[in-house]
Amino acid sequence: MVPRPSWIVLTIIAVCWLLADPVRATAKDKQEKDDQDFAGVVQPFLNDHCMHCHDADSARAGFRLDTLGSDFTAGNTADQWKEVMDNINSGKMPPTKEARPDAKEAFAVASWVAAKLRETELAAQGAGGRVPLRRMNRVEYANTVRDLFMLDANYARRIEKELPADGKVGGFDRGAAGLFMDESQLSQYMTVADMVLDEAVFLEKPPLTKLTWDNTKERYIHGIGVAYRDETGMIVDDNPVPELAASVPEPLAKVKQDNLDGDDINRNRYVPHGPLSFAVKNGGIEFLSGGNNYRNPGNLRNVFFPNDWAKKGVLRDGWYRFRVQVGAFAGEGAEAQKEVRLVLEYNYGSPIQVVQSIAIDAPLDAPKEVEFRMYFQAGPPDMNRSWELGWDNGGNDVVITNPEYQVPQWNPVLASGDLQEAIVKKKSAEEIAGLRKKSEEALAAADENRKTFPGPMFIYDPKLDIAKRPRLWLGKMEWEGPLVEWPPSGQSQLLFAGDERTDDAYLREIFVRFLPRAYRRPATTEEVDGVVNWSLKLKAERQWSFIQAVREGVKNVLCSPQFLYLGGEGAAHDSQSVKVAGPKLRGETA
């Protein structure tokens, strides 16, 4: 790992502040006026109220004013003056135990600082017709790294999100004054460089995960809700697979009895189930409806989905392939819809969600295979990843709970709501007593209904023409990924002669080719020597492999001012430039 020497941070900050202000005032009278104001107004105020706590001897909180000059473009002078102004305006300084300064004098100093800060900001924005040296913003950085290593555009957006937000000047994120660099930001660039090199350039070839799913034979994760009697007459309620649930001659549904003791089977009654929302046909499943998708009215979820595929299969960012045999019937007459769409959702509602859909153009009796290619992000290691499959079947459940059971069970909820509302609104005691009695009667009726309801538990919705309703048929499903190009393009370009050569001359050749592309200009001999010598030194000291040495050299380049800053790409700094210029990168600005 490249260490974080303080000279890098100091060099970047110094270069940024010294060169990002090309419109520094040059008029002699303007400079003289600034000097006079500083000497006549600001310096006396600092001497009287600040220096005894912030000079070379005291320097409380590590803050010195005796070395603070009036050139706001030098070093971090502007930041220090802003801190002085903020403390004066807030009254924090001088401390309350000290003599309070004259309000007019304090206002004059704060106004002088504010004017200088604004002047410096405008100068940085205007730039006097020239391009100031500034670091790339995070979009430019992500696009440049994408082009440098030929990465997927989706991965570039991941890089962008890993970087801190950019400062804005006048509402834009390309102003030099807002694109400062400090040690914490440099540390983040180093972290992102590690991520890119480890995940997209010098990674080991990831294994290809393949998963299959047979709708008819796989257990439905959340339970079909079908019970049955076995050959001995005992009730089995163990979440059967669809093939079994659809084949039992007398499917049963559970009616929960809250006031009985015993195990789960003995505490409940079982009544005829009624129709199912699916049928096993032609080696697959034909669906009339699925579970309601509350996120998108009309998109009813296919209840048979392999939820753990995302947990097992998405272990790294990349492209994944999903194949499924599918057919559909869009309905007839009043029940018809324009088309039937299959919808895939990965980690819905999270920052890394992916939603794709496709219209099904194959009939139920002649299904065909459709394929989805999706780019998934793995997210943090502890993220609960989900993958779900749904379809649009018109927005109505075909199979509904029998109203003869549902209405009595729902009445206590409504009665309780009415009672609570009356209490909150402080209705009369007589009205509240009547509602309380009504609630008790509803609870008793619901309890009796659970004891006596004969079934069936489910019925077809009488408002629908079932024969003309849309249907979906699904066969076996296959999933595989990540689908990767191997070796990665970025690695192949860096190791242009392959990975079998490991001599020092090859390492030099690699950086002779790489640096001009990274710096967006010809590289000097000294620049190439610096990176090569650094890499070889680490290789010898740490007993690294050739690839490790190249990787560390590339990381060094990605964290260097020559790569991070724009505005200085024009020409190399000596006559011994290495004349190997790469293509212009899309992340580069003019």
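Take the conditions (1) free of Cβ contacts under 8 Å to residues at least 60 places away in the same chain; (2) over 16 Å from LEU558 (Cβ atoms); GLU480 misses just one of them, which is (1).
Within the bounds of the range 467-476, is there any residue that is outside any loop (DSSP other than H, G, I, E, B), in contact with a helix residue (DSSP H, G or I) (Cβ under 9 Å, 6 or more places away or on another chain), at pLDDT 90 or above and closer than 30 Å to GLU243 by Cβ? The answer is yes, given that some residue of the range 467-476 is outside any loop (DSSP other than H, G, I, E, B), in contact with a helix residue (DSSP H, G or I) (Cβ under 9 Å, 6 or more places away or on another chain), at pLDDT 90 or above and closer than 30 Å to GLU243 by Cβ. Of the residues examined, SER58 is not one that is among the hydroxyl-bearing types (Ser, Thr, Tyr) and at pLDDT 70 or above.
Of the residues making up the range 488-500, those that are touching a residue at least 12 places away in the same chain (Cβ under 8 Å) and surrounded by fewer than 16 Cβ atoms within 10 Å (Cβ to Cβ) are SER489, PHE496, ALA497, ASP499.
When VAL196 is tested against (1) at pLDDT below 85; (2) more than 18 Å from PHE458 (Cβ to Cβ), exactly one condition is not met: (1).
Scanning the range 195-249 for residues that are surrounded by 14 or more Cβ atoms within 10 Å (Cβ to Cβ), out of contact with any helix residue (DSSP H, G or I) (no Cβ under 7 Å at 6 or more places or on another chain) and closer than 30 Å to TYR155 by Cβ yields a total of 4. Residues in the range 542-585 that are at pLDDT below 90, under 33 Å from the mean Cα position of the chain (by Cα), among the hydrophobic types (A, V, I, L, M, F, W, C) and more than 15 Å from GLY530 (Cα to Cα): LEU564, LEU566, LEU585. Within the range 24-55, restricting attention to residues that are among the β-branched types (Val, Ile, Thr) and modelled with pLDDT of 75 or more, the residue that is surrounded by the fewest Cβ atoms within 10 Å (Cβ to Cβ) is VAL41. Annotation: ARG373 fulfils all but one of (1) in contact (Cβ under 8 Å) with a residue 60 or more places away in the chain; (2) surrounded by fewer than 16 Cβ atoms within 10 Å (Cβ to Cβ); (3) not in a strand (DSSP E or B); the unmet one is (3). Considering ARG341, ARG316, the condition of being assigned by TED's automatic domain parsing to the domain that holds ASP465 and either modelled with pLDDT of 90 or more or out of contact with any Ser or Thr (no Cβ under 9 Å at 6 or more places or on another chain) (or both) is satisfied by ARG316 alone. Here is the figure for the range 449-475: residues that are under 30 Å from ARG269 (Cα atoms) and among the basic types (Lys, Arg) total 3. The range 95-182 holds no helices (runs of 4 or more DSSP H) entirely within its bounds that carry 1 or more residues that are closer than 22 Å to MET195 by Cβ and modelled with pLDDT under 80. Looking at the structure I just gave you, is GLU335 under 16 Å from PHE287 (Cα atoms), among the charged types (D, E, K, R) and out of contact with any strand residue (DSSP E or B) (no Cβ under 9 Å at 6 or more places or on another chain)? Criteria met by GLU335.
Total residues in the range 445-457 satisfying the condition of being in a helix (DSSP H, G or I) and either surrounded by 13 or more Cβ atoms within 10 Å (Cβ to Cβ) or modelled with pLDDT of 95 or more (or both): the figure is 5. Counting the residues of the range 417-440 that are under 21 Å from LYS256 (Cβ atoms) and without any contact (Cβ under 8 Å) to a residue 24 or more places away in the chain gives 1. Of all the listed residues (ALA366, ALA334), the sole one being assigned to a helix (DSSP H, G or I) and among the aliphatic types (A, V, I, L, M) is ALA334.
Here ALA518 clears all of (1) in contact (Cβ under 8 Å) with a residue 24 or more places away in the chain; (2) in the same structural domain as TYR320 (by TED's automatic domain parsing) except the condition numbered (2).
Against the conditions (1) part of a strand (DSSP E or B); (2) modelled with pLDDT of 70 or more; (3) not charged (D, E, K, R), LEU300 satisfies every one except (2). Which residue pairs have Cβ atoms under 9 Å apart, sit 6 or more places apart or on different chains, and have a first residue in the range 394-415 that is of a type in the set (Asp, Glu) and a second that is in a helix (DSSP H, G or I)? Listed by first residue and then by second, the contacts come to GLU404/ASN449. Looking at the structure I just gave you, is PRO470 surrounded by fewer than 20 Cβ atoms within 10 Å (Cβ to Cβ) and either under 33 Å from the mean Cα position of the chain (by Cα) or not polar (S, T, N, Q) (or both)? Taking the combined requirement at face value, the residue does not satisfy it. Any idea which residue in the range 264-295 is farthest from TRP473 (Cα to Cα), counting only those that are β-branched (Val, Ile, Thr) and modelled with pLDDT of 60 or more? Ranking the candidates gives VAL271 first.
Looking only at the range 496-504, decide whether some residue is basic (Lys, Arg) and at pLDDT below 90. The answer is no; no qualifying residue exists. Selection of the range 207-251 for residues being closer than 23 Å to TRP387 by Cβ, part of a loop (DSSP other than H, G, I, E, B) and in contact with a Pro (Cβ under 6 Å, 6 or more places away or on another chain) yields only THR216.
The values are calculated or read from the model by the stated rules, or taken from the named source; none is laboratory data. Treat the numbers as computed from the prediction; the structure is a model and nothing was measured. Quick reminder, even Gly has a Cβ in these numbers, built from the backbone with ideal geometry, and neighbours come from all protein chains shown.
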